[in-house]
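Trainee: Just dropping this structure here.
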Amino acid sequence: MARRGKHFIMRDPFGRDITYLRVSVTDRCDFRCVYCMAEDMTFLPKAEILSLEEMERLCAAFIGLGVKKLRITGGEPLVRRDVMRLFEALGRRLGDGLDELTLTTNGSQLARFAEPLRAAGVRRVNVSLDTLDPAIFTAITRWGRIEKTLDGIFAAKAAGLAVKINTVALKGVNEHEIDALVAWCGEHGFDLTLIETMPLGEIAGDRTEQYLPLSLVRARLRERWTLAATDYRTGGPARYYSVAETGRRIGFITPMTHNFCESCNRVRLTCTGTLFMCLGQEDAADLRAVLRAEIGDEALRKAILAAIARKPKGHDFIIDRRHQRPALARHMSVTGG
Ligand code: SAM
Ligand code: SF4
């Protein structure tokens, strides 16, 4: 651990500074996206979930240890009751250690929350949208209606939030629409990130059937769009290109390859206070136990530092094709996207 000004920096054993924390505030969701959840999900009992105050305390500890960027996610973060209280509390730390407060959402509740989020200090939002077709949208999300998500996206834009669209590329489902999504994002001034499906958690279908390699998508896009590689990085798994015709950026997240682990600056906190040092590994630290033992902030700091000292070099995703099992049992909605 090193000190920069009045703030600390956490450095892991591979020399990576850990400055980015993703926080899942709930495992629940108003959608049941086919690649993310089974339709009959069992959710965690309330007693296991951290209160908003506990989440704030944990985030404050991370900010004190050098985290500069917080992304609130889920499940669907905006279905957590009173979640604005957490955004407001964390927003007050912007400029005092914290540089950015943001969220990833399915957009269904965003029309209501866009203005308050902006008032709390949020400036950018990632909204998941896999298709522009209402019927395909409902087929993918099982329970969702595209109108609500589109209303949310345009409310965010109207509130002055920069919008980035996240699209999971799904073989035979939305692969024919990627072109249209690039054009639509260009038209409305949104960046776009394409994501490969990851083998996380049991779902109803077959993962290998959904998997669409982004190398193929990128090659197809190049037939219509002029893509130029950029050196824009967020410390995350996305490789960004600029689209000459739209002036927007397009990112490709290919988690099944190892090309991003060496610059990984992030860790993930679940809604039960479990800290995962790598999205693709099982090792985790139970920070809720430390928090609820009420042994003080120093114990919490020590537990966080001990966990960071165990951050692995890289992930280990493989789809167990023979047994049709996911590489990791937990769902993306548990660790957050
Ligand atoms: N509910 C919010 C949403 O959908 O944006 C936030 C949580 S969601 C788990 C975060 C992101 O993870 C979404 O963009 C979603 O599409 C993506 N995601 C979920 N399961 C995935 C999987 N198995 N592989 C790749 N991306 C996944
Ligand atoms: Fe819900 Fe997001 Fe998972 Fe879809 S991807 S089921 S919206 S948590």
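Trainee: Hey, can you tell me all the residues within the stretch 157-195 that are within 13 Å of ligand 1 (Cβ to nearest atom) and either open to solvent by less than 10 Å² (accessible area, probe 1.4 Å) or under 21 Å from ALA111 (Cβ atoms) (or both)?
Mentor: Once the filter is applied, which keeps residues that are within 13 Å of ligand 1 (Cβ to nearest atom) and either open to solvent by less than 10 Å² (accessible area, probe 1.4 Å) or under 21 Å from ALA111 (Cβ atoms) (or both), the stretch 157-195 yields VAL163, LYS164, ILE165, ASN166, THR167, ALA169, LEU170, ASN174, LEU192, THR193, LEU194.
Trainee: For the stretch 130-150, what are the residues that are in contact with a helix residue (DSSP H, G or I) (Cβ under 8 Å, 6 or more places away or on another chain) and near ligand 2 (Cβ under 10 Å from one of its atoms)?
Mentor: ASP130, GLY144, THR149
Trainee: Determine the pairs where a residue that is crowded, with 22+ Cβ neighbours inside 10 Å, located within the stretch 67-86, has a partner that is part of a loop (DSSP other than H, G, I, E, B) and at pLDDT below 95 with Cβ atoms under 6 Å apart, the partner being 6 or more residues away or on another chain.
Mentor: THR73/GLY336; THR73/GLY337
Trainee: Select from the stretch 161-188 the residues that are away from ligand 2 (no atom under 16 Å from the Cβ), under 12 Å from LEU129 (Cβ atoms) and touching a residue at least 60 places away in the same chain (Cβ under 8 Å) and list them in ascending order.
Mentor: The one that is away from ligand 2 (no atom under 16 Å from the Cβ), under 12 Å from LEU129 (Cβ atoms) and touching a residue at least 60 places away in the same chain (Cβ under 8 Å): CYS185.
Trainee: Could you tell me whether any residue of the stretch 46-64 is out of contact with any Pro (no Cβ under 6 Å at 6 or more places or on another chain) and either within 30 Å of THR131 (Cβ to Cβ) or within 13 Å of ligand 2 (Cβ to nearest atom) (or both)? Working first, answer last.
Mentor: Going through the stretch 46-64, the residues out of contact with any Pro (no Cβ under 6 Å at 6 or more places or on another chain) turn out to be 46-64.
From the residues that got through so far, the ones that are either within 30 Å of THR131 (Cβ to Cβ) or within 13 Å of ligand 2 (Cβ to nearest atom) (or both) too are none.
No, that holds for no residue.
Trainee: Looking at (1) within 16 Å of ligand 1 (Cβ to nearest atom); (2) farther than 30 Å from ILE295 by Cβ, can you tell me which one PHE154 breaks?
Mentor: Here PHE154 clears every test but (1).
Trainee: Additional query: May I ask you to list pairs of residues, at least six apart or on different chains, whose Cβ atoms are under 6 Å apart, with the first in the stretch 104-121 being under 25 Å from VAL168 (Cβ atoms) and the second being open to solvent by 30 Å² or more (accessible area, probe 1.4 Å) and at pLDDT 95 or above?
Mentor: Taking only residues 6 or more apart or on different chains, the pairs are ASN106/SER128; SER108/ASP30; SER108/LYS148; ALA111/ASP151.
Trainee: Checking ALA60 against (1) of a type outside the set (Ser, Thr, Tyr); (2) modelled with pLDDT of 95 or more; (3) open to solvent by less than 10 Å² (accessible area, probe 1.4 Å), only one condition comes out false. Which one?
Mentor: (3)
Trainee: Output the helices (runs of 4 or more DSSP H) that fall wholly within the stretch 265-337 and possess 3 or more residues being at pLDDT 90 or above and crowded, with 19+ Cβ neighbours inside 10 Å, or say none.
Mentor: 287-292, 297-308
Trainee: From ASP133, ASP99, which residue is open to solvent by 80 Å² or more (accessible area, probe 1.4 Å) and more than 16 Å from ligand 1 (Cβ to nearest atom)?
Mentor: So the residue among ASP133, ASP99 that is open to solvent by 80 Å² or more (accessible area, probe 1.4 Å) and more than 16 Å from ligand 1 (Cβ to nearest atom) is ASP99.
Trainee: Given the conditions (1) within 17 Å of LEU181 (Cα to Cα); (2) exposed (fewer than 15 other Cβ atoms within 10 Å of the Cβ), and given that GLY251 satisfies all but one, which numbered condition is not satisfied?
Mentor: (2)
Trainee: So, one more: Which pairs have Cβ atoms under 8 Å, sit 6 or more apart or on different chains, and link a residue in the stretch 214-238 that is under 24 Å from CYS278 (Cα atoms) to one that is open to solvent by 70 Å² or more (accessible area, probe 1.4 Å) and outside any helix (DSSP H, G or I)?
Mentor: TYR232/ARG249
Trainee: Does any residue of the stretch 117-125 turn out to be over 20 Å from the mean Cα position of the chain (by Cα), under 24 Å from ARG80 (Cβ atoms), within 16 Å of ligand 1 (Cβ to nearest atom) and crowded, with 16+ Cβ neighbours inside 10 Å?
Mentor: Checked against the condition, which is being over 20 Å from the mean Cα position of the chain (by Cα), under 24 Å from ARG80 (Cβ atoms), within 16 Å of ligand 1 (Cβ to nearest atom) and crowded, with 16+ Cβ neighbours inside 10 Å, the stretch 117-125 yields no hits at all.
The values are calculated or read from the model by the stated rules, or taken from the named source; none is laboratory data. Everything numeric in this text was worked out from a predicted model, so none of it was measured. Glycine gets a Cβ as well: all are built from the backbone with ideal geometry, and neighbour counts include every protein chain shown. These area figures cover heavy atoms from the full protein model, side chains too; ligands, DNA and RNA do not enter into them. Shrake-Rupley method; radii C 1.70, N 1.55, O 1.52, S 1.80 Å.
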